[in-house]
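S.K.: Here it is, the structure in full.
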Amino acid sequence: MRKTLFLSLAGLALSSLSHAGSFQINLQGIRQTAMGGTGVAMPWDISTVFFNPAGLSRLNGMEAYGSVFLVSPNIRYVPANGGTTYYEPEKQSSTPFAVYVGGTLKKMPKLGIGLGVYTPFGSSINWGNDWVGSLITQSISLKSIFIQPTISYAITDRISIGAGFVYGTGSVNIQRALPLQFPDGRSGQLTLDGNAHGFGFNAGVQVRATDKLDLGISFRSGVNMKVDDGTATFNAPAGVSPLFPTGNTFKTNLQLPNITTVGASYRFTPDFTLQADVVFAGWKAYDSLKFDFAKNTSAVADNSSPRMYKNTVAFRLGGHYKINSKFAVMAGGAWDPTPSDDQYVSPDAVDADRLSLSAGLTYEPVRNLNIMAVVNYTTTAGREVSYAPENFSGKYQIKSVSPGIGVSYKF
Amino acid sequence: MKSNSIKILAVASLFAACKPTIEGETPAKGSADFSSYTAIGNSLTAGYSDGSLYRSGQINSFPNMLAGQFKLVGGGDFKQPLLPGESGWPGPKRVLAPVTGCDGVTSLGPIVYPGTRDTAGSLTNISSQGPFNNLGVPGIRAIDYLSPGYANIAFILGGAGYAYRFYENPITDKPIDVAAKSKHTFFTMWLGNNDVLGYATKGGEGTVGGINTSDISPLSAFQSSYKAVLDTMTNKGQKGVLINIPDVTALPYFNVIPAKGLMLTRQGQADSLNAAYAPLGIKFTVGANPFIIQDGSAPGGLRQIKDGEYILLTTPQDSLKCGGWGSQKPIPRQFVLDAQEVANVRNATQSFNDYIRQLATEKDLALFDVNAYFKTVQSGVRYNGLTLTPVFVTGGVFSLDGVHLTPRGYALIANQIILAINAKYGSTIPQVDISKYNGVLLP
């Protein structure tokens, strides 16, 4: 038991499939997650490095921050015309995390600097080797870690701006059955494994419109995560081995979308704040997933599977109530429409419109030290879809409860 | 204590809330009764594959797959006259292996199963273990159903004791008598293929309207026999599915060797053939040329094969590659289905199918038009990530004999039959998972 937990934490696997459209993960801050994922209009803490770099120069001093979530989505697939048969992928847990450090300098209080290391995208699903869709996917794991040095400047008391540079590093591991059978009936298997890299930036503006109303906008650029030299291993029967040269490699890229968020935050009383964000995600860039093999044969052709993603607009709402000087509570919800088309939902990227509800608590046992906790519940209705290129139809549902904890210290 | 149990309850409900709840449709039987299912037919019903009948082929017969699905809607046990062994009976099955041709080129091709023959006990009469639900007999024609002692005759003539081993009285029984003993509530009937197929696989050397196995059965005999069997199967108003006869020229057996399969790689080859065939005015070029075939009515008794004519899979490959067949010498007529023979096959198939359709309508039974379905499969069907085509070996549908199906091909058929049943009887029988069944196994 302990070993399992250790492995899942040590793995730093970044599974999503439960948070915000497709393989985007929206778990970069405890307070913000607790408030439905809102947080663009004002800085709640140093995690504003992610939510809006403009907030950095509005912080009061330096802060270090760490948070981690336990994500283990439950997915079910009910094949079309399959009666009461259903399939569920192997239960997998992952631990998306975020670490931030930075704030304003005493000597230059209008300038904020910071560094964020976080996991904005990821996906991991393992259907097993012998399930009904094994020729489309057996397992897939996409991981990413973004490193973002950030700078921010308060132009006036009311207006601040900020920007960060993003270096993304990640990995991809895909397994699927080959439609070639060994003498014992076992299917062949293709394993793709590689490391990915990409660059991007983010930028934002925050405006303190009145003493009660904050407004913010942030832009995170798309990041093209490229795999240049992944290994492609074909496990095929010996009789056809000349068709599958060893030492094959592949190239691919995963175009992560640009994200624009606009939001407002309103303090009804000094202790009670409500905020709302609208999030535009440029998923349209993800139109297909392509694999370009270095060595092509009659059986190893370059491969392109259409995805046909659409841009999405998500709505988020959250509230924050300060009970006393030590405790505060938060709650919120979000509606995240899926970027995927009904005819192009592949079992390697199961997705549906998501309703997400969350609640959180912060506790400040001693001054400047905050302990934060949150739980998020995400659900989808059953979605009847197909992956038309493979004639693979059925109904999917995703549900998950994801707890997260964090700690921050001001200095 | 109480607050603890409340906490446990709260945690439990939290986890319950994160379990998916969607479910598939509960199967329903509609207006049919699947409690006892009997399958009438030939090799395709018996589970024949790779040129022979063997135990795992029988287990993967489409009727056995259907019976498995029928169990979800009240179906009972389905008993098949299973053979003891896997090597194939009476002749060995084919397996895929590297084969080096006379030209020194090695490629994968079907060979006779090289393993130990495990046929002991195959001819033992097992009728006492019956009654059997799968009455499929490889080789049987519709017109055989009224032949007394069919099982014995087939055994003596062809050495195949398929019926002999499970008919109660092989010396006297007509196949229709065996059908009549069935206490079924539902049936499938895929009959008539061999009333055409034998003629085609023998290169159309038999007669149209004859009663030998290399003939096309007389239409009247086909009709009376088919109707008699169907009357028997529906004598208590039982429901079922009729499956018609696919156009056999769509089978790999007639398409593996292309008509334009004479490949000339050098101008010298074309020149010498042109010189030899100059009196007949036949010309050759570098590249693909039509084969030369035997034709008694053509000048010189030979001619180039035309589009829409077929060369049989059984044509000796080494004779084609190194023996000058199809170029210096014509391919003998028993290996060719010429235009007239193709027309004979298609006309007979059409007449038989018209009659099957007429009876399905008269008796208000489901009909699976496998003839039309195979035409759609020609261009390939995509199913759960699998591409299934009629291409020999790589297509995954047809087994190594080029006529019968692989388990995967039979699963494809089973699903189409289920669709026909569901449409006719308002049932919601689930489909089988095709990818669970084997296609062609590679060495």
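S.K.: Calculate what fraction, in whole %, of the accessible area of chain B sits on carbon and sulfur atoms when a 1.4 Å probe is rolled over the protein chains.
M.R.: Carbon and sulfur: 56 percent of the exposed surface of chain B.
S.K.: Can you find, among A:407, B:315, A:68, the residue sitting farthest towards the positive end of the charge dipole of the protein assembly as shown, where Lys and Arg contribute +1 and Asp and Glu -1 at Cβ?
M.R.: Of the options given, the answer is A:407.
S.K.: Still on this structure, I have one more. Can you compute 3J(HN,Hα) from phi for each residue in the stretch A:203-208, using the Karplus curve 6.51 cos²θ - 1.76 cosθ + 1.60 with θ = phi - 60°, rounded to whole Hz and x for Gly and Pro?
M.R.: 8, x, 9, 10, 10, 8
S.K.: How far, in degrees from 0 to 90, does helix A:2-11 lean away from the longest principal axis of the Cα atoms of chain A, to the nearest 10?
M.R.: Roughly 80 degrees between the two axes.
S.K.: Can you find, among A:361, B:98, B:347, the residue sitting farthest towards the positive end of the charge dipole of the protein assembly as shown, where Lys and Arg contribute +1 and Asp and Glu -1 at Cβ?
M.R.: Going by the Cα projections, it comes out as A:361.
S.K.: Rank these by accessible area, largest first, 1.4 Å probe: B:367, A:317, B:123, B:251.
M.R.: Solvent-accessible surface, decreasing: A:317, B:123, B:367, B:251.
S.K.: Could you identify which residue out of A:381, A:238, A:34 has the top mean-square fluctuation in a GNM of chain A using Cα springs shorter than 10 Å?
M.R.: Between A:381, A:238, A:34, it is A:238 that shows the largest mean-square fluctuation.
S.K.: Under 5 Å between amide H atoms, partner at least 5 residues away or on a different chain: which partners does residue B:149 have, H built in plane at 1.01 Å?
M.R.: The list, which skips near neighbours in sequence, is B:172, B:173, B:174.
S.K.: Size of the dipole of chain A about the Cα centre, Lys and Arg at +1 and Asp and Glu at -1 on the beta carbon, nothing else charged, in debye to 20?
M.R.: Approximately 1200 debye in magnitude.
S.K.: Using a simple charge model, +1 on the beta-carbon of Lys and Arg, -1 on the beta-carbon of Asp and Glu, nothing else, what dipole does the stretch B:44-199 show about its Cα centre, in debye to the nearest 20?
M.R.: Value, rounded to 20: 260 debye.
S.K.: Follow-up. Tell me the Rg and the Dmax, in Å, that the Cα atoms of chain B produce.
M.R.: Looking at chain B, its Cα Rg and Dmax stand at 25.4, 108 Å.
S.K.: Let me ask you something else. How well do other chains shield peptide A:130-138, expressed as the mean number of their Cβ atoms within 10 Å of each residue Cβ?
M.R.: Average per residue, whole number: 4.
S.K.: Related question: Could you give the alpha-carbon Rg of the protein assembly as shown over 2.2 N^0.38 Å, rounded to two decimals?
M.R.: Dividing the Cα Rg of the protein assembly as shown by 2.2 N^0.38 Å gives 1.22.
S.K.: Using the Kirkwood radius over C-alpha pairs as Rh, can you work out the diffusion coefficient of the stretch B:262-337 via Stokes-Einstein at 4 °C, viscosity 1.567 mPa s, in µm² per second?
M.R.: Diffusion coefficient, whole number: 103 µm²/s.
S.K.: Let me know the volume per residue of the alpha-carbon convex hull for the stretch A:365-411, in Å³.
M.R.: In the stretch A:365-411, the Cα convex hull volume per residue is 97 Å³.
S.K.: In square nanometres and to one decimal, what's the mean projected area of the convex hull around the Cα atoms of the stretch B:155-305?
M.R.: Orientation-averaged projected area of the Cα hull: 12.9 nm².
S.K.: Rounded to the nearest 20 debye, what is the charge dipole size of the stretch B:262-337 about its Cα centre when +1 sits on each Lys and Arg Cβ and -1 on each Asp and Glu Cβ?
M.R.: 80 debye
S.K.: At a probe radius of 1.4 Å, figure out the A/B buried accessible area, summed over both chains, and give it in Å² to the nearest 100.
M.R.: 2800 Å²
S.K.: Near residue A:251, which lysines are there with a Cα under 28 Å away, not counting those fewer than 8 places off in the same chain?
M.R.: Once the sequence-local lysines are set aside, what remains near residue A:251 is A:143, A:226, A:284, A:290, A:295, A:310.
S.K.: Ratio to report: Rg/Rh of the stretch A:230-334, with Cα atoms as the point set and Rh obtained by the Kirkwood method; give two decimals.
M.R.: Rounded to two decimals, Rg/Rh equals 1.35.
S.K.: What number, in percent, do you get for the relative contact order of the stretch B:262-337 if the mean sequence gap of Cα pairs under 8 Å and at least 6 apart is divided by its residue count?
M.R.: About 31 percent, as a whole number.
S.K.: Next question. What percent do you get for the relative contact order of chain B when only Cα pairs under 8 Å and 6+ apart count?
M.R.: The normalised contact order for chain B reaches 19 percent.
S.K.: Cut-off 10 angstrom, C-alpha nodes, Gaussian network model of chain B. Which of B:79, B:236, B:260 fluctuates the most?
M.R.: Comparing B:79, B:236, B:260 in the GNM, the peak value goes to B:236.
S.K.: Determine the relative contact order of chain A: mean sequence separation of Cα pairs under 8 Å and six or more apart, normalised by residue count, in whole percent.
M.R.: 18 percent
S.K.: Per residue of the stretch A:316-332, what does 6.51 cos²θ - 1.76 cosθ + 1.60 with θ = phi - 60° give for ³J(HN,Hα)? Whole Hz please, x for Gly and Pro, Karplus curve as stated.
M.R.: In residue order, the calculated couplings are 9, 9, x, x, 9, 10, 8, 6, 7, 5, 9, 10, 9, 10, 9, 7, x Hz.
S.K.: Which residues, if any, in the stretch A:60-75 have at least 20 Å² less accessible area in the whole protein complex than in the isolated chain, probe 1.4 Å?
M.R.: Residues shielded by partner chains are A:74.
S.K.: Under 5 Å between amide hydrogens, which residues at least 5 positions from residue A:112 or on another chain qualify, with H placed 1.01 Å from N in the peptide plane?
M.R.: Those qualifying (amide H under 5 Å, at least 5 residues apart or on another chain) are A:57, A:152, A:153, A:154.
S.K.: Where does the longest stretch of chain B lie that holds no GluC sites (Glu not before Pro) found in a DSSP loop with 15 or fewer other Cβ atoms within 10 Å?
M.R.: The longest uninterrupted stretch comes out as B:206-443.
S.K.: Moving on to the next point. Taking the alpha-carbon centroid of each part, what is the distance from the stretch B:315-375 to the stretch A:273-300 in angstrom?
M.R.: 49 Å
S.K.: Another question about this same structure. Please identify, among A:296, A:52, A:195, the residue showing maximal mean-square fluctuation in a Gaussian network model of chain A using a 10 angstrom Cα cutoff.
M.R.: Its mean-square fluctuation being the largest, the pick is A:296.
S.K.: Taking C-beta distances below 4.7 angstrom as the pairing criterion, name the unpartnered cysteines of chain B, in sequence order.
M.R.: So far as the 4.7 Å Cβ criterion goes, B:18 stand without a partner in chain B.
S.K.: I'd like to know which of A:189, A:117, B:380 lies farthest towards the positive end of the charge dipole of the protein assembly as shown, counting +1 on Cβ of Lys and Arg and -1 on Cβ of Asp and Glu.
M.R.: A:117
S.K.: Would you mind giving the mean number of other chain beta-carbons within 10 Å of the Cβ of each residue in B:432-443, as a whole number?
M.R.: 5
S.K.: What is the angle, in °, between the Cα long axis of helix B:219-233 and the longest principal axis of the Cα atoms in chain B? Nearest 10 is fine, range 0 to 90.
M.R.: 10 degrees
S.K.: Moving on. Residues of chain A: accessible area per residue at 1.4 Å, in Å²?
M.R.: 41 Å²
S.K.: Once the whole set of protein chains is in place, how much accessible area is left on residue A:380, using a 1.4 Å probe, in Å² to the nearest 10?
M.R.: Rounded to the nearest 10, that gives 10 Å².
S.K.: Mind checking which aspartates and glutamates have their Cα closer than 17 Å to the Cα of residue A:399? Skip sequence neighbours fewer than 8 apart in that chain.
M.R.: Of all the aspartates and glutamates, those that pass the test against residue A:399 - Cα under 17 Å, at least 8 places apart if same chain - are A:88, A:90, A:336, A:348, A:351, A:353, A:384, B:23.
S.K.: Sticking with this one: Using the 2.2 N^0.38 Å rule of thumb for compact globular proteins, work out how chain A stacks up: its C-alpha Rg over that value, please.
M.R.: This ratio for chain A stands at 1.04.
S.K.: Given H placed 1.01 Å from N in the peptide plane, which residues other than close sequence neighbours of residue B:136 have an amide H under 5 Å from its amide H?
M.R.: Here B:41 satisfy the definition.
The values are calculated or read from the model by the stated rules, or taken from the named source; none is laboratory data. Note that the structure is a prediction, hence the values are computed from the model and not measured. Here the Cβ is made from the backbone with ideal geometry for all residues, glycine too, and neighbour counts use every protein chain on show. Just so you know, the surface numbers come from the protein's heavy atoms only, side chains and all, with ligands and any DNA or RNA stripped out. Shrake-Rupley method; radii C 1.70, N 1.55, O 1.52, S 1.80 Å.
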